[in-house]
């Protein structure tokens with residue numbers, strides 16, 4: 001009887017947990033759809049601003065900017081876009097492992113690293129290690145807007161602008177589809193002119209207000225800021241998709257476990273009933289002898 005009660009309690013506990021994971025799955029689906037819309041709306045802007053800079057640089061070869069200057073590398077900076085919450089599978093760990101590989105590559109070249117981390121999971125992971133966290137922020141709002149992350153972006157770029165670091169990398173999870181997210185580490189600064197390689201024979205008929213150099217300075221700043229913000233949107237979409245998959249797997253696994261426990265429960269009940277019937281029959285036979 002105690003075995004039946006124990007199995008019944010287990011079924012009840014797992015059923016309650018299943019309700020929670022199912023609810024979290026549904027919430028993640030809703031959040032993922034919203035995040036995906038936001039992410040997709042940012043991609044055309046980033047593409048367009050890059051095309052404009054393409055044309056400027058390809059037709060203004062003498063243009064110079066601090067973001068285009070190559071320096072001797074003594075220290076690198078890595079912007080790490082992580083999550084504030086867990087239950088999203090191996091999303092963060094896969095990215096962190098790739099970052100550690102990059103740090104070790106430069107460490108072998110006697111180049112130190114500074115970390116600029118967005119998201120509490122990244123902070124807790126690297127804070128417990130020997131890595132130098134220069135600046136970090138938590139994602140404190142549900143709808144993380146461009147203006148919410150400007151302080152983080154400017155604080156990270158300030159270290160490059162003041163030459164405290166010589167190369168800046170951006171690391172995040174890139175969203176491909178609901179099941180595929182790729183951990184990416186890209187060199188953010190200095191910008192390579194190769195990525196702005198346009199057709200030198202083409203010419204866009206722009207009329208410049210004031211000075212084209214000033215305009216390009218502004219566009220380069222906007223491009224860097226937009227690139228960082230877009231990576232945040234990509235990572236956020238990956239987070240919700242990964243959490244949705246994790247919660248779906250947890251819900252499915254709990255259903256399988258409940259089925260197995262119900263078989264055990266029914267078997268235990270059957271054994272208990274069989275034992276009771278055996279005792280009744282034995283008792284009846286004993287009485288009939290007298």
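The values are calculated or read from the model by the stated rules, or taken from the named source; none is laboratory data. What you see is a predicted model; the values in this text were computed from it and never measured. Every residue, glycine as well, gets a Cβ built from its backbone with ideal geometry; the counts of neighbours run over all protein chains shown.
The table that follows gives values for the structure above.
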item	result
Residue tally, condition part of a loop (DSSP other than H, G, I, E, B) and either modelled with pLDDT under 90 or surrounded by 13 or more Cβ atoms within 10 Å (Cβ to Cβ) (or both), over region 180-227	18
Verdict on residue 117 being at pLDDT below 90, surrounded by 19 or more Cβ atoms within 10 Å (Cβ to Cβ) and in contact with a strand residue (DSSP E or B) (Cβ under 9 Å, 6 or more places away or on another chain)	no
Any hit, region 107-120, residues being under 13 Å from the mean Cα position of the chain (by Cα) and in a loop (DSSP other than H, G, I, E, B)	yes
Checking residue 33 against (1) in contact with a helix residue (DSSP H, G or I) (Cβ under 8 Å, 6 or more places away or on another chain); (2) more than 20 Å from residue 224 (Cα to Cα), the condition it does not meet	(1)
Selection count where residues are touching a residue at least 60 places away in the same chain (Cβ under 8 Å) and part of a helix (DSSP H, G or I), scope region 1-16	8
One residue from 77, 42 being in a helix (DSSP H, G or I), within 30 Å of residue 138 (Cα to Cα) and touching a helix residue (DSSP H, G or I) at 6+ places or on another chain (Cβ under 8 Å)	42
Residue check, residue 111 surrounded by fewer than 19 Cβ atoms within 10 Å (Cβ to Cβ) and closer than 17 Å to residue 73 by Cβ	yes
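Residue by residue, here is whether (1) closer than 30 Å to residue 264 by Cα; (2) under 15 Å from the mean Cα position of the chain (by Cα); (3) without any contact (Cβ under 8 Å) to a residue 12 or more places away in the chain; (4) crowded, with 19+ Cβ neighbours inside 10 Å holds:
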site	(1), (2), (3), (4)
32	no, yes, no, yes
41	no, no, yes, no
63	no, no, no, no
79	no, yes, no, yes
85	no, yes, no, no
102	no, no, no, no
